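The values are calculated or read from the model by the stated rules, or taken from the named source; none is laboratory data. In this text the structure is predicted, and so the values were computed from the model without any measurement. Note: ideal-geometry Cβ built from the backbone for every residue, glycine included; neighbour counts use all protein chains shown. With ligands, DNA and RNA removed, areas are computed over all heavy atoms of the protein, side chains included. Shrake-Rupley method; radii C 1.70, N 1.55, O 1.52, S 1.80 Å.
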Amino acid sequence: DGIAGELLSHYDGDLDEAKKAIEDSYYGCYSSLADYAQELTEQTTQIPEHLKIYIDYERMAQDMEMGGDIFTIETAHDEVHVFCNH
């Protein structure tokens, strides 16, 4: 199936919506959702070195997904595709 099949399933077979998601809402492929959360945080926030070890990126990633901001498609081990859900 791969990413295309999973996207079609996510959008209940709506090919236009799936195509729009891949073109406009795709954030990229990451080893884990926590890796996405870490990259996003580090690109948008200046984090003091002494605080970096306290950041729970796994929890942040769960909150993003549970809050409905993003959705993911896992196509293989260590292959998580991240999409904007808005």
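If amide H atoms are built 1.01 Å from N in the plane of the peptide, which residues on other chains or at least 5 residues away come under 5 Å of the amide H of residue 74? The list, which skips near neighbours in sequence, is 81. Report, in degrees rounded to the nearest 10, the 0 to 90 angle that the Cα long axis of helix 15-24 makes with the longest principal axis of the chain. Around 30 degrees separate the two axes. Here the sum of -39500 (n - 2.57) over DSSP H runs of 4 or more residues, divided by the residues of the chain, equals -14000 deg cm²/dmol at 222 nm, to the nearest 500. In region 21-85, taking the dipole from charged Cβ atoms about the Cα centre, the farthest positive-side position among 68, 47, 25 is held by 47.
Decide, for region 16-65, between rounded, prolate and oblate: order the square roots of the alpha carbon gyration tensor eigenvalues as a ≥ b ≥ c, take rounded if a/c falls under 1.5, and otherwise choose prolate if a/b is larger than b/c, else oblate. Verdict is prolate for region 16-65.
The label point for residue 22 and the one for residue 6, both projected 7 Å from the Cα toward the Cβ, are 1.4 nm apart. Summed over the residues of the chain and divided among them, the accessible surface reaches 69 Å² per residue at a probe radius of 1.4 Å. Of the accessible area of the chain, with the probe set at 1.4 angstrom, what percent is carbon plus sulfur? After summing per-atom areas, the C and S share lands at 46 percent.
Rounded to two decimals, the Cα-based Rg/Rh of the chain, with Kirkwood Rh, is 1.03. Each residue, residue 69 and residue 32, gets one label point 7 Å from its Cα in the Cβ direction; the gap between the two is 1.9 nm. A simple spin-label model places the labels of residue 49 and residue 15 5.5 nm from each other, with each point 7 Å out along Cα-to-Cβ.
Based on Cα contacts under 8 Å between residues 6+ apart, the chain shows a relative contact order of 39 percent. In a reduced charge model with +1 at each Lys and Arg Cβ and -1 at each Asp and Glu Cβ, the chain shows a dipole moment near 220 debye about its Cα centre. Relative to the longest principal axis of the Cα atoms of the chain, the long axis of helix 57-66 lies at roughly 40 degrees.
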